[in-house]
């Protein structure tokens, strides 16, 4: 029971983080979306055994975290939750790929272990990019930016509705689940039949609520558009942010900086 | 199962993104043309309902474990395929952003696996055809379960194919398939039963909702040909662009560095170890014919290339560790300056 409430609370907290006022939060959402997508594409485009060249990419999430003044522990916890999903598939790599690609001392390292570690790093980087994007931008702003970038209006409006009612309805879902759990003993009442009518009822209430909402909106002059307060401006700061990060990503993608750095430290650089 | 960013290549992700964007644009145009604005708020609120419904678990009979509803087929039955696809896509966007479930680049794959398959294949071809004009309870249950199974089987096939084509995971295609399909058969049956229960509840309580849903014109035809064309063009463009970026540049650099450092002799112990490893691999490989393309290439390359890779591993380790510390320090310094 606590677990469900926890999930909901977690969800709300991420939304609240977007309300901060920092240099990153103030940037136009489009700049952050473009940068995040380029970041992910660059990370994902590495070959399957790559590890060292990916490490400098940690800089981007690190900068967002600190400049955006976000709670490190909370974000980290959210990212760690999703890593097992990628690892479920990646953990098979050492089983199927046993070619020796590396030696540490007298220890042979199979390609599978490298690619498994690479998947872990990929999961860490891509998941943090997605979560940090919401944390420094906020969902409504992302919707608006996507609409400005060409997403169909119907889709955008519907996405905003979903977002607005997610908190109301999940609250209701949690209350329903809690009420049922308090009235059950052992596993009785948690079966499929009860679930069917419980969720059916919730669905009907939701449906009627949606109809009421639509009527109320029509009465207030809704004509298929949701107007939002802030209109972003893609100015000099945004151009600098996007250009700066993307050129850094491309540079890090083309040159294995840790490798060169390592050569410098171990003295193998000519 | 959601496809994850960590497991896909940019070409696969990009191609599915393009296909999904085209599908969403098409569905938006259809919803707009057919249903004025009435359905738009309904879609959003029902999408939010999916999250609420996922907060309520049920016990799966005979296993004792608990599960929750996925909802793709439920949305297709309630809203019709076009509106359902948009709603599923928005649910996936929220999941990708707030829970990092799946990922932003994998979003296209996920909309395809969990949206296009249930809404445009399982719903029109299985559910609609089986249920007929005047649905009876038993027939409705059967149609729903079958449609859910078909949708989930296709979805899981999608995940396996996308993973195999991306080539980040080493799990062979057939092994992965043999693992995923039976699991999703079970999930499909449970999802079908749960969806049928909810649908029949709605049918009893508010038959007009279901009647309206049933009167949608049969089979939403997606413009398959233009979709396939978009898909192919996107794959060629993105695949071509990225394979150049991924292979040409860093390899050339590494090669030139190796030439400069001149470390080309193969260590004695290494070659022995490799023989052992190769024989192990031979024994372990149940499905030899499905060796991954990149593994085959790695196996075929010359001894100097392998030696070069080994020699670069040490500097990679040292440099990687140093960079990690550097990233951390930059974070700390930025934080200090803030205060």
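The values are calculated or read from the model by the stated rules, or taken from the named source; none is laboratory data. Values in this document were obtained by computation on a predicted structure and should not be read as measured data. Glycine gets a Cβ as well: all are built from the backbone with ideal geometry, and neighbour counts include every protein chain shown.
Hey, does the range A:101-120 have a residue that's in contact (Cβ under 8 Å) with a residue 40 or more places away in the chain, within 16 Å of residue A:34 (Cα to Cα) and at the interface with chain B (Cβ under 8 Å from one of its Cβ atoms)? Within the range A:101-120, not a single residue is in contact (Cβ under 8 Å) with a residue 40 or more places away in the chain, within 16 Å of residue A:34 (Cα to Cα) and at the interface with chain B (Cβ under 8 Å from one of its Cβ atoms).
One residue stands out among those in the range A:164-178 that are more than 7 Å from chain B (Cβ to nearest Cβ) and touching a residue at least 24 places away in the same chain (Cβ under 8 Å): the one that is nearest to residue B:26 (Cα to Cα), which is A:167.
The number of residues in the range B:162-182 that are touching a residue at least 12 places away in the same chain (Cβ under 8 Å) and in a helix (DSSP H, G or I) comes to 12. Within the range A:84-120, the set of residues being in contact with a helix residue (DSSP H, G or I) (Cβ under 7 Å, 6 or more places away or on another chain), closer than 22 Å to residue B:103 by Cα and surrounded by fewer than 20 Cβ atoms within 10 Å (Cβ to Cβ) comprises A:87, A:91, A:120. For the range B:28-57, enumerate the residues that are farther than 24 Å from residue B:194 by Cβ, facing chain A (nearest Cβ under 8 Å) and in a helix (DSSP H, G or I). Selection gives B:28, B:29, B:31, B:32, B:40, B:41. Considering only the range A:179-190, I want to know if a residue exists there that is facing another protein chain (nearest Cβ under 9 Å) and touching a strand residue (DSSP E or B) at 6+ places or on another chain (Cβ under 7 Å). Yes, there is a match, as at least one residue in the range A:179-190 is facing another protein chain (nearest Cβ under 9 Å) and touching a strand residue (DSSP E or B) at 6+ places or on another chain (Cβ under 7 Å). For the range A:62-69, the criterion of being in a helix (DSSP H, G or I), touching a residue at least 40 places away in the same chain (Cβ under 8 Å), within 8 Å of another protein chain (Cβ to nearest Cβ) and surrounded by 21 or more Cβ atoms within 10 Å (Cβ to Cβ) is met by at least one residue. Do we find that residue B:67 is surrounded by 21 or more Cβ atoms within 10 Å (Cβ to Cβ) and either outside the structural domain of residue B:52 (by TED's automatic domain parsing) or in contact with a helix residue (DSSP H, G or I) (Cβ under 7 Å, 6 or more places away or on another chain) (or both) in this structure? For residue B:67, the condition - surrounded by 21 or more Cβ atoms within 10 Å (Cβ to Cβ) and either outside the structural domain of residue B:52 (by TED's automatic domain parsing) or in contact with a helix residue (DSSP H, G or I) (Cβ under 7 Å, 6 or more places away or on another chain) (or both) - is not met.
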